[in-house]
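What follows is a single structure, written as structure tokens, with notes after it.
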Amino acid sequence: MNSSFKTAAGVAMCATLLGGGASAAWAQTHQPGHPAQQAAPAGRSTLPFDEKTWPHLLQHGPRPAAYLFTTSYCSTCPAAFVVLHKAVQHRKEKPELNAVMMDVTGPQALRHAAHFKGMTRMYAFDGFESAIRQAVDPAWPNVTPYVVLVDKKGQTQRVIGPPTAAMLKRWLTAF
């Protein structure tokens, strides 16, 4: 074997091992019930949101909860979140209020956390956006803000824009 072949083989092996390690790390953080998906303090980190996250949240996530799907450029999303926050701020038992950033992750997503006062968790899309939207709602026309209210029984209400008073009442009466 010549030395250039050995070097190329060594680099390929290292890349494979590193890639495998990254895949293993990704798999650990995307397992149902993984601690990273359970408790990331709002404003400090984002949680990955891929096409498997939504079905998992519907089945095992907190109830009741609200999810506001937003983008970094959505000018009306903070106002929709204010509607959610006002609806629950004086309640003894507060449902989770979550923001899901669709177009930015990590520190870029966290810059927008200040727009969502009262947020429980921040998620960020991690994967192919249209596949993730399809998993959330096949009829979603990719318009934000997109709000999904999940009541205590797991029933959902979906709306583009802020939820109406009637929707909030149905969602909160399920407590």
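Each reported figure results from applying straightforward, stated rules to the coordinates on display, with no laboratory input. Model, not experiment: these values are computed from the prediction. In this analysis, Cβ positions are derived from the backbone assuming ideal geometry, glycine residues included, and neighbour counts consider all displayed protein chains.
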- Message: What is the distance in Å between the Cα centroid of the range 150-175 and that of the range 106-126?
- Response: 22
- Under 5 Å between amide H atoms, partner at least 5 residues away or on a different chain: which partners does residue 97 have, H built in plane at 1.01 Å? 66, 120, 121
- Can you figure out the FRET efficiency of residue 94 with residue 130, using R₀ = 25 Å and their beta-carbon distance, to the nearest 0.05? 0.15
- Query: Which of the lysines could a cross-linker span from residue 169 if the Cα-Cα distance has to be under 18 Å and same-chain partners fewer than 8 positions apart are dropped?
  - Reply: 86, 92, 94, 152, 153
- Task: Starting from the Cα-Cα distance between residue 117 and residue 86, subtract it from 0.36 nm times their residue separation and give me the gain in nm to one decimal.
- Result: 10.1 nm
